[in-house]
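The values are calculated or read from the model by the stated rules, or taken from the named source; none is laboratory data. Owing to the predicted nature of the structure, the values given are computational and were not obtained by experimental measurement. Glycine also receives a Cβ, built like all others from the backbone with ideal geometry; neighbour counts cover every protein chain displayed.
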Amino acid sequence: MTSKKEGSSSGKGGETEAQKSVEHSFFCESMEDAQALAEELTVMGHKVLSVEKSDDEEHDGFLVETLESTTLSRAAINAGNLQVLGEEFNAVYDGWCVAID
């Protein structure tokens, strides 16, 4: 009798290793910082979804949203790097999310 490993969606690897579209969000105080951050993220392989004035009551300023194709395990690692990158551009990294299939 064979059994699947817990967390594995197939015999080819776990769900954390499947490529996913991962969205990242940043808040910037100025449009200049937001645009510079968006340019850097583009160089890093992210697709910039939006750079716009934030309507979030907690974050006055500008929202930058990007999309990258990566695994969930890699997205978790990237989050720390993106937090540091955000600080370099006077931005707050708000985190990442992925749609559930």
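Where residues in segment 38-56 are more than 13 Å from the chain's Cα centre (by Cα) and among the aliphatic types (A, V, I, L, M), which of them is nearest to V92 (Cα to Cα)?
The residue in question is V51.
Among the residues of segment 72-97 satisfying the criterion of being surrounded by 12 or more Cβ atoms within 10 Å (Cβ to Cβ) and among the polar types (S, T, N, Q), which is farthest from A36 (Cα to Cα)?
S73
If I go through segment 1-34 residue by residue, how many of them are at pLDDT 50 or above, in a strand (DSSP E or B), in contact with a strand residue (DSSP E or B) (Cβ under 8 Å, 6 or more places away or on another chain) and of a type outside the set (A, V, I, L, M, F, W, C)?
Within segment 1-34, residues that are at pLDDT 50 or above, in a strand (DSSP E or B), in contact with a strand residue (DSSP E or B) (Cβ under 8 Å, 6 or more places away or on another chain) and of a type outside the set (A, V, I, L, M, F, W, C) number 6.
Residues being in a helix (DSSP H, G or I) and not small (G, A, S): count how many of those fall in segment 35-72.
So the count comes out to 8.
Quick one: in segment 43-71, which of the residues that are among the β-branched types (V, I, T) and touching a strand residue (DSSP E or B) at 6+ places or on another chain (Cβ under 6 Å) is farthest from A18 (Cα to Cα)?
V51
Where residues in segment 57-71 are in contact with an Asp or Glu (Cβ under 9 Å, 6 or more places away or on another chain) and within 18 Å of N90 (Cα to Cα), which of them is surrounded by the most Cβ atoms within 10 Å (Cβ to Cβ)?
V64
Testing I100 on (1) surrounded by fewer than 14 Cβ atoms within 10 Å (Cβ to Cβ); (2) modelled with pLDDT of 95 or more, one condition comes back false. Which one is that?
The number of the failed condition is (2).
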